[in-house]
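Structure first, then comments.
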Amino acid sequence: MQKAISLFCIVLIASLSITISSCTEEDSPVGVGLQDPSTIFDGLRDTAFGVAYTVFDDSLLTSGQSSGMVGCYSDDVFGNSEAIIYAQVLTPNNSSVDFDEHCIIDSVVLSLALTKVYSNEAKSYKNLHFEIYRLAEGLSKDSLYYSTDEIPVTSECLFNGVVRVPESDTMVAHIKLDNRVLSYFVMKSYANADEFAEAFKGLRIRLVNDGTPMMATVNFAAAATRLSLYYAYVADTQYTYRYYDFTVGHDATHFMQFKNNYTGVLSTFNSNVNDSLLGTRYLYLSPMGGTNIKLYFDNFITQFKQQHPYAVIHSAELVLPVADISPVDKPGYIAAFKCYLDGTVVSIPDMYDNYSGYGGKYDEQTNSFRLRITRHLQKMLTSGMDLGTLLVIDSRRSVPSHSVFNGFDATATSGDPIRIEFIYSE
């Protein structure tokens with residue numbers, strides 16, 4: 001009996017030893033989600049190369065944006081571009097308005113809240129030459145407007161002159177319109193916003209190039225962006241000075257027209273927006289309905305899937321080296337989209353994956369943009385096909401920054417080519 005108990009104790013101790021040993025050797029999963037995947041897996045490292053093209057950013061929707069651009073810029077690589085604003089003017093909250101015989105109207109001022117002014121002038125203020133016309137046709141709140149759309153104007157030039165705007169965090173351009181605009185307000189009443197919009201139509205707003213191209217970002221969502229009417233209200237010989245703010249932006253329809261006149265190799269898009277440029281040496285990314293980049297890794301996908309049918313991607317980054325001819329002012333963020341056969345595009349899943357961190361911003365140390373595409377690459381390998389990855393400047397409707405990248409051919413570029421760096425296991 002005593003031998004049996006001793007034998008049982010030995011077996012029990014051995015079992016506990018195995019259990020304890022197993023627990024101490026297994027890594028705890030706690031905190032794994034807080035680490036970069038590339039630091040977790042010491043797997044196999046590889047680099048993928050593909051084919052890339054510069055393509056035209058056709059049919060860019062510009063209506064309904066909270067901010068937009070007005071002005072023009074000139075660049076040795078990209079040529080000349082211009083942004084024009086078309087804006088509807090409405091009574092606030094669809095209200096009625098009545099400027100009767102008691103109202104002595106003094107002036108009408110268009111105010112534009114400016115987020116930033118882009119210029120080569122190193123001054124504490126900016127001289128902005130605005131040109132403003134009244135529209136000949138109204139804008140529809142139920143319509144979508146694109147960067148190639150244009151609305152005709154009347155012969156009524158309501159402003160053509162220079163406005164000095166001190167450079168600050170809260171820049172506002174105040175533009176006093178010509179007195180001929182007063183005819184739409186003196187002794188006039190409007191039952192609602194639509195009735196006023198039908199009478200007034202709206203405004204076309206341009207920045208004229210006086211030899212120093214300038215571009216400004218307008219904040220349509222700001223309360224400071226408005227059309228203000230200043231008047232005196234007379235009652236029993238008593239004057240009360242008042243103002244009335246019409247809506248420009250917010251719920252009022254507005255959009256930007258972008259005009260691009262390219263030079264050099266990009267001039268092919270002046271006559272054929274369906275053309276594409278093979279990015280052997282350079283790839284061009286520009287805003288304002290300009291140029292995008294389209295990538296294909298289908299040859300790599302086919303070969304890699306055949307050689308590694310059970311591979312699992314742990315980390316993958318798309319690396320975009322900035323070329324030596326690129327402008328100094330770089331885009332803030334580059335977005336990536338997956339392409340489909342019908343021409344539609346959707347954001348790659350990594351863009352909204354907080355676990356891996358998408359990136360998409362400029363890396364000064366490597367002089368490149370780096371985009372996390374782990375899930376995107378895994379999905380391409382799983383399906384065995386690649387219909388294209390489209391790269392665009394995320395703020396291409398409101399910021400004029402643009403860049404040139406090295407192409408996909410290492411023998412043709414002056415630096416490292418565009419590529420995918422990834423870690424995998426199988």
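The values are calculated or read from the model by the stated rules, or taken from the named source; none is laboratory data. Predicted, not measured: the structure shown is a model, and the values here were computed from it. Cβ: placed from backbone, ideal geometry, glycine included. Neighbour counts: every protein chain shown.
Might you let me know whether region 372-383 holds any residue that is surrounded by 16 or more Cβ atoms within 10 Å (Cβ to Cβ), under 26 Å from MET215 (Cα atoms), hydrophobic (A, V, I, L, M, F, W, C) and in contact with a Lys or Arg (Cβ under 9 Å, 6 or more places away or on another chain)?
no
If you scan region 403-426, which residues turn out to be crowded, with 23+ Cβ neighbours inside 10 Å and of a type in the set (Val, Ile, Thr)?
ILE418
Return the pairs, sorted by first residue and then second, in which the second residue is hydroxyl-bearing (Ser, Thr, Tyr) and surrounded by 15 or more Cβ atoms within 10 Å (Cβ to Cβ), the first residue lies in region 253-277 and is more than 12 Å from GLY290 (Cα to Cα), the beta carbons are less than 6 Å apart, and the residues are 6+ apart or on different chains.
PHE255/THR62; PHE255/SER63; PHE255/TYR86; PHE255/TYR145; MET256/THR62; ASP275/THR268; SER276/TYR53; LEU277/THR54
Restricting to region 277-328, and then to whatever is over 16 Å from LEU371 (Cβ atoms) and basic (Lys, Arg), can you tell me which residue is modelled with the highest pLDDT?
Checked region 277-328; the qualifying residue modelled with the highest pLDDT is ARG281.
Limited to region 336-360, what total is found for residues that are closer than 21 Å to HIS314 by Cα and either touching a residue at least 12 places away in the same chain (Cβ under 8 Å) or part of a loop (DSSP other than H, G, I, E, B) (or both)?
Within region 336-360, residues that are closer than 21 Å to HIS314 by Cα and either touching a residue at least 12 places away in the same chain (Cβ under 8 Å) or part of a loop (DSSP other than H, G, I, E, B) (or both) number 16.
Give me the residue from region 44-75 that is in a strand (DSSP E or B), under 20 Å from the mean Cα position of the chain (by Cα) and hydrophobic (A, V, I, L, M, F, W, C) and, out of that set, surrounded by the fewest Cβ atoms within 10 Å (Cβ to Cβ).
Going through the qualifying residues, I end up with LEU61.
Picking from PRO349, PRO400, which residue would you name as being surrounded by fewer than 19 Cβ atoms within 10 Å (Cβ to Cβ) and at pLDDT below 95?
Being surrounded by fewer than 19 Cβ atoms within 10 Å (Cβ to Cβ) and at pLDDT below 95 holds for just one of PRO349, PRO400, which is PRO349.
Test GLY407 against the stated conditions and say whether it is under 25 Å from ILE313 (Cβ atoms), out of contact with any His (no Cβ under 6 Å at 6 or more places or on another chain), modelled with pLDDT of 95 or more and assigned by TED's automatic domain parsing to the domain that holds PHE304.
Yes; evaluated as a whole, the condition is true for this residue.
On the given criteria, is GLU167 modelled with pLDDT under 95, in the same structural domain as TYR233 (by TED's automatic domain parsing) and in contact with a strand residue (DSSP E or B) (Cβ under 7 Å, 6 or more places away or on another chain)?
In short, yes.
So, in region 388-413, of the ones that are polar (S, T, N, Q) and more than 26 Å from ASN80 (Cβ to Cβ), which residue ends up nearest to the chain's Cα centre (by Cα)?
My answer is THR389.
Looking only at region 237-275, which residues are small (Gly, Ala, Ser) and either assigned by TED's automatic domain parsing to the domain that holds SER147 or at pLDDT below 95 (or both)?
Of everything in region 237-275, those that are small (Gly, Ala, Ser) and either assigned by TED's automatic domain parsing to the domain that holds SER147 or at pLDDT below 95 (or both) turn out to be GLY249, ALA252, GLY264, SER271.
Output the residues belonging to region 182-217 that are among the hydrophobic types (A, V, I, L, M, F, W, C) and not in a loop (DSSP other than H, G, I, E, B).
If the condition is that a residue be among the hydrophobic types (A, V, I, L, M, F, W, C) and not in a loop (DSSP other than H, G, I, E, B), then LEU182, ALA193, PHE196, ALA197, ALA199, PHE200, LEU203, ILE205, LEU207, MET215, ALA216 are the ones that fit.
Being within 31 Å of the chain's Cα centre (by Cα), surrounded by fewer than 20 Cβ atoms within 10 Å (Cβ to Cβ) and at positive phi is the requirement here; does ASN120 meet it?
Taking the combined requirement at face value, the residue does not satisfy it.
Matching residues to (1) at positive phi; (2) β-branched (Val, Ile, Thr):
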{"position": "THR240", "(1), (2)": "no, yes"}
{"position": "ALA252", "(1), (2)": "no, no"}
{"position": "GLY264", "(1), (2)": "yes, no"}
{"position": "LEU295", "(1), (2)": "no, no"}
{"position": "ASN299", "(1), (2)": "no, no"}
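State the number of residues belonging to region 384-393 that are in contact with a strand residue (DSSP E or B) (Cβ under 8 Å, 6 or more places away or on another chain) and surrounded by fewer than 17 Cβ atoms within 10 Å (Cβ to Cβ).
The qualifying residues number 1.
Can you name every residue in region 213-242 that is surrounded by 13 or more Cβ atoms within 10 Å (Cβ to Cβ) and hydroxyl-bearing (Ser, Thr, Tyr)?
THR217, THR225, SER228, TYR230, TYR231, TYR233
For region 83-126, give me the residue count where each residue is hydroxyl-bearing (Ser, Thr, Tyr) and without any contact (Cβ under 8 Å) to a residue 40 or more places away in the chain.
Counting residues in region 83-126 that are hydroxyl-bearing (Ser, Thr, Tyr) and without any contact (Cβ under 8 Å) to a residue 40 or more places away in the chain gives 0.
Exactly one condition in (1) touching a strand residue (DSSP E or B) at 6+ places or on another chain (Cβ under 7 Å); (2) closer than 21 Å to ILE301 by Cα; (3) among the charged types (D, E, K, R) is not met by ASP363; state its number.
Result: ASP363 passes all but (2).
So if I check each of GLU101, GLU82, which one is at pLDDT 90 or above, outside the structural domain of LEU295 (by TED's automatic domain parsing) and part of a loop (DSSP other than H, G, I, E, B)?
GLU101
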